[in-house]
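This report concerns only the one structure given below.
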Amino acid sequence: MASISRPLSPPAAAGRDNRALRVALGQFATGVTVITTRAPDGAFVGLTANSFGALSLDPPLITWALRLGSASLPVFQDNERFVVNVLTEAQVETSRLFASPAPDKFSQVAHAENQDGMPYLHGSAAWFECRRLSHQVAGDHCLFIAEVERYTHAETAPLLFHAGAYFTLGSRL
């Protein structure tokens, strides 16, 4: 006799329990990126983000979001170019570094500049050189939409983030 599975209970009424919402959203596994650009004074700026996603193949568009309280927000709003560095499973410490307020982060990682002077990180799984098309405030974040101008990738496993922790690919199903 086949068993009948019961549907999940309907969600509780929407409330303002931000911690519970964060835990629920954390059930969606994501890749980990470091988004990099250059400040008006020439300094490199970079931060860890897992809000990156593909938006369109034709034209090639991506999206990502940055918290409104981020000290780096004005730089990304003012500079139309940036690089999305998709991290590998060997780059956990790079992710932690760029998620921290540490000064002079680029002195601690191997990097180079692309033809537009934007920094990219050596050893990443993929790089997307982008030109921002738009940005807008959405809730407590700024949502960026950009066109991918150039990209490349390496045959290596990406770094994953789920439920507040880093993971690697176990096996292909």
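The values are calculated or read from the model by the stated rules, or taken from the named source; none is laboratory data. None of the values given here were measured: they were computed from a predicted structure. In this analysis, Cβ positions are derived from the backbone assuming ideal geometry, glycine residues included, and neighbour counts consider all displayed protein chains.
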Requested in this report: State yes or no: is Ala146 part of a loop (DSSP other than H, G, I, E, B) and either out of contact with any strand residue (DSSP E or B) (no Cβ under 6 Å at 6 or more places or on another chain) or in contact (Cβ under 8 Å) with a residue 12 or more places away in the chain (or both)?
Outcome: no
Query raised in the report: Looking at Val45, Val34, Val75, which one is within 17 Å of Tyr120 (Cα to Cα) and not in a strand (DSSP E or B)?
Result: Val75
Report summary line: In segment 88-115, anything over 17 Å from the mean Cα position of the chain (by Cα), farther than 20 Å from Thr152 by Cβ and acidic (Asp, Glu) is listed as Asp104
Query raised in the report: Does segment 105-125 contain at least one residue that is modelled with pLDDT of 95 or more, touching a strand residue (DSSP E or B) at 6+ places or on another chain (Cβ under 8 Å) and assigned to a helix (DSSP H, G or I)?
Result: yes
Query raised in the report: Do we find that Gly117 is out of contact with any Phe, Trp or Tyr (no Cβ under 9 Å at 6 or more places or on another chain), over 17 Å from Thr36 (Cα atoms) and of a type outside the set (Val, Ile, Thr) in this structure?
Result: no
**Report entry** Which listed residue, of Ser51, Ser95, is under 24 Å from His162 (Cα atoms), touching a strand residue (DSSP E or B) at 6+ places or on another chain (Cβ under 7 Å) and in a helix (DSSP H, G or I)
**Finding:** Ser95
